[in-house]
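Structure provided below as structure tokens; questions to follow.
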Amino acid sequence: MERNTVGGEYDKYATGRATMKLRIENVMLDVQVESAIIDFADILDAVRIQPDNDAGAPWDDTDCWPHAVENVSDEYEGDYFTQRGRRKRILVNPDNYGWFEYLRERGASKQVAREYEARQIKAVKEQLFVWHNQGYEVWGILCEFKGALSACWGYIGDVEQEDKEEIADEVARELEGEGYTIINRPDRKKAYRENRIHSMRRRLQEQN
């Protein structure tokens, strides 16, 4: 956005860059002036997603997804994947995840806790089977805007909009520390509360 102003007037509440004309004695100068106001949407537009080529397997780089892999015979009829010509199955120990104890401590009956645990273990095994059988994609999220930089690596699968907003919000905080004013910035606390409510409702539905 370009603005031409004679006499040094400039709208300090406008975003973008402007050309301000200044007259010094008999000389007219064009001065580039950058606004201190930044729209959060512009920061969000600067967010980029790229493959995390240095990442290992999802179960190697974190404490999540603990499991074991066991060789099975060619006659095995359950779910298996093939690695180096050998059939293998996935073993998951529920004790490594703690869902049963978590629900019991919060008042759930043994039956409800066991049923929930069984559903979660089934989902974990299905996800691990997909990764072992079809591979996986790991991503990094980066945002650089006016010299401020934030990045996070190790996202598995799809990157959500809230993940992008979180990275953009970190850049916004850094820019605010440098004296910029960020407008139209989402309420992160409100979004966090809404996500927690959504997660709680989903867990209740799974228990029922």
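Values in this text are rule-based calculations from the coordinates and carry no lab data. This structure is a prediction, so every number in the text was calculated from the model and none was measured. Cβ: placed from backbone, ideal geometry, glycine included. Neighbour counts: every protein chain shown.
Could you derive backbone 3J(HN,Hα) for the range 63-72 from the dihedral phi with the Karplus parameters 6.51, -1.76 and 1.60 (θ = phi - 60°), listing whole Hz in sequence and x where the residue is Gly or Pro?
In residue order, the calculated couplings are 8, 7, 6, x, 6, 10, 10, 10, 5, 10 Hz.
So how do Lys88, Lys146 line up by other beta-carbon neighbours within 10 Å, fewest first?
Ordered from fewest to most neighbouring Cβ atoms within 10 Å, Lys88, Lys146 come out as Lys146, Lys88.
Can you work out the Karplus-derived ³J(HN,Hα) for every residue in the range 112-118? Use 6.51 cos²θ - 1.76 cosθ + 1.60 with θ = phi - 60°, whole Hz, and x for glycine or proline.
4, 5, 5, 5, 5, 4, 4
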